[in-house]
Amino acid sequence: MKNAELLQKKSDKTEKAEIRKEKKSLYEIFTEYKTMIYSSVFFAAGLLCGALLYKNCRTDALDEIIKTAAGNDFLNLFINNLGFYFLVFALTVLLGICLVGFPIINAVPLIIGVQAGLEIAYYYLNFGFKGFGYCILMIAPFVSSFLTVIVYTVSLSSELSRKIYDLTIGKKDAAEKIEYKKYMKKYLLYAIMIVIVALVNSGITAALSGIITIG
C-alpha cells in the first residue's frame, strides 16, 4: 500500500515537473519568436487600418496616387518601391541606434501593413474579386519578401537598442563593448536584399503588365 502511494506521489511529481517544463518551453518559444509574432500582429493591424483608411477617405486624388505608384514603367516602379522600402528600413535602423528604440521597433511593420492595406482596398473596392486576385498575384509576394527582410532588421535593431540601453543605465559592465561592425555588416546585407526585392518587384511587375491587366 505504501509502495503504491509512493509511486503515485512520484508520478504526480513527474507530471507536475513535465507541466512546468512544458510551460517553460512555450515561454521560450514565444521569447525566441516574439519579433515575428509582434511583427505579424502589427502588420495585420496595419492592413486593417489601411483598408479602413481607404474606405473612409476614398478620393480621386488618393486613387491617382495609388495608380501612379503602381504604374507600368520599370524606372518609375523601381524609384517608388526603393524609396518606400528604404524609408522603412532607415526608420528601423535609426530606432536600433536609439537608446529607447527597442520598445517601439516591433511596430514598424504597421507602416508596411497600412501601405499594403491601402493598395488591396483600392483594387478590391474598384475591381471586386478580380482586383483581389490581382493583389494575390502581383502585390502579396513582394510585400511578403520585403516584410521578411524588415522582420530580420527589426530583430537586429531591437537587440542593438537593448544593448545600448543596458550599457547606459549600468545593467551591463561598462567595459563590455558593442560590436558595431557586426551590426553594420548585417545592416548592409539587409540593405542589399531590399534593393534586390525592389528590383525583382519592379522588373516582374513591368514585364507582366501587358499580360496581367486589370480595369
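Observations on the structure shown:
- Checking 72, 80, 3 one by one, the residue that is of a type in the set (S, T, N, Q), in contact with a Gly (Cβ under 9 Å, 6 or more places away or on another chain) and at pLDDT below 90 is 72 and no other.
- Positions within region 62-114 being loosely packed, with under 14 Cβ neighbours inside 10 Å, of a type outside the set (A, V, I, L, M, F, W, C) and assigned to a helix (DSSP H, G or I), in sequence order: 64, 67, 68, 83
- Some residue of region 101-115 being free of Cβ contacts under 8 Å to residues at least 12 places away in the same chain, under 25 Å from residue 205 (Cα atoms) and not aromatic (Phe, Trp, Tyr): no
- Test for residue 137: is it loosely packed, with under 15 Cβ neighbours inside 10 Å, in contact (Cβ under 8 Å) with a residue 60 or more places away in the chain, assigned to a helix (DSSP H, G or I) and not hydroxyl-bearing (Ser, Thr, Tyr): yes
- Pairs, first more than 18 Å from residue 152 (Cβ to Cβ) and loosely packed, with under 10 Cβ neighbours inside 10 Å in region 162-187, second at pLDDT 85 or above and not hydrophobic (A, V, I, L, M, F, W, C), C-beta under 7 Å, six or more apart: none
- Filter pass, residue 36 being at pLDDT 70 or above and of a type outside the set (D, E, K, R): yes
- Hits in region 100-127 (condition: over 9 Å from the mean Cα position of the chain (by Cα), over 12 Å from residue 47 (Cα atoms) and not aromatic (Phe, Trp, Tyr)): 100, 101, 103, 104, 105, 125, 126
- Condition check for residue 186 on (1) part of a helix (DSSP H, G or I); (2) within 28 Å of residue 50 (Cα to Cα): one failure, at (2).
- Residue 161 being farther than 28 Å from residue 199 by Cβ, in a helix (DSSP H, G or I) and of a type outside the set (Asp, Glu): yes
The values are calculated or read from the model by the stated rules, or taken from the named source; none is laboratory data. Only a predicted model underlies this, so the values are computations on that prediction, with no experimental measurement involved. When we count neighbours, we look across all protein chains shown, and the Cβ atoms used for this are built from the backbone with ideal geometry, even at glycine.
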